[in-house]
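Let me begin by presenting the structure, written as structure tokens, before commenting on it.
The values are calculated or read from the model by the stated rules, or taken from the named source; none is laboratory data. Bear in mind that the values here come from a model prediction, so they are computed numbers and not experimental data. Cβ placement follows ideal geometry from the backbone for every residue including glycine, while neighbour counts extend to all protein chains displayed.
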Amino acid sequence: MDALSRRQLFTLAAATPVVEGLVRAGAAAFDVAVSPRDTIRQRYFPNVLLRTHEGQEVRFYDDLIKGKVVTINFMYTRCADGQCPLITANLVRVQQLLRAGDWQKCDCSPDRPVAVPGRDLFMYSITLTPKEDTPVVLRKYAKTYGVGPGWTFLTGKPDDIERLRQHLGFTDPDPRRDRNKANHIGNVRYGNEPLLLWAACPGMAKPDWIAESISWVMPRPPPAGAGAGERPS
């Protein structure tokens, strides 16, 4: 895979802006107010049917995204250039850091909230080759890399997977490169769905930096001693 340019990297890693105010959808015909949350859901999160590496059927938005803090990346088990194994191994380390809370010891963020996978944070890896990557194959892959609880590998119908890839922005602006799965975008998108906070980072960045980045979308608990009417700063 060719190295991404600096410009591409910053473009892909940029946060999705938070939508403010109410958006009018079809006002001329229906005059129905659509909330910012519903606008983002309709635009970016198709509620397609998927299957987990444990064989469970789930709806992408209703079961995996709604009301949660999540990470999302695309991969496939037969990745020819080695990018997928490297990113998977890197994210395993991120998961371990988050579970242990070790990343909070860094000088830059001593007050970041804990994000325990499977409780506060849910990690999703979606295969780009759903015909080959069955739940059985994905389950074996997850076991090989020592993936812990709270991280789900997903497969589904090829058209649904492609629809997700397009809507989530895991695409290359060059159509020729985009058609080649070996050139797939190695980013990790992360976000807080209720708060409409979304961003992305390179999947092969330093694990402590990825964990630190994810922490910025975690909900902040009120400070110790804060009264019922006080809001955290």
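Here are the numbers for the structure shown:
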read-out	value
Index of the failed condition, LYS66 passing every other in (1) surrounded by 12 or more Cβ atoms within 10 Å (Cβ to Cβ); (2) more than 30 Å from PRO173 (Cα to Cα); (3) modelled with pLDDT of 75 or more; (4) out of contact with any Gly (no Cβ under 9 Å at 6 or more places or on another chain)	(2)
Only one of THR144, THR134, THR152 that is surrounded by fewer than 16 Cβ atoms within 10 Å (Cβ to Cβ), of a type outside the set (Lys, Arg) and at pLDDT 95 or above	THR144
Residue that is modelled with the highest pLDDT [pool: residues in region 100-131 that are touching a helix residue (DSSP H, G or I) at 6+ places or on another chain (Cβ under 9 Å) and in a helix (DSSP H, G or I)]	ASP102
Tally of residues being farther than 11 Å from ARG51 by Cα, in contact with a Pro (Cβ under 9 Å, 6 or more places away or on another chain) and crowded, with 16+ Cβ neighbours inside 10 Å across region 121-131	2
Test: ARG59 is under 18 Å from VAL137 (Cα atoms), surrounded by 14 or more Cβ atoms within 10 Å (Cβ to Cβ) and either among the small types (Gly, Ala, Ser) or in contact with a strand residue (DSSP E or B) (Cβ under 7 Å, 6 or more places away or on another chain) (or both)	no
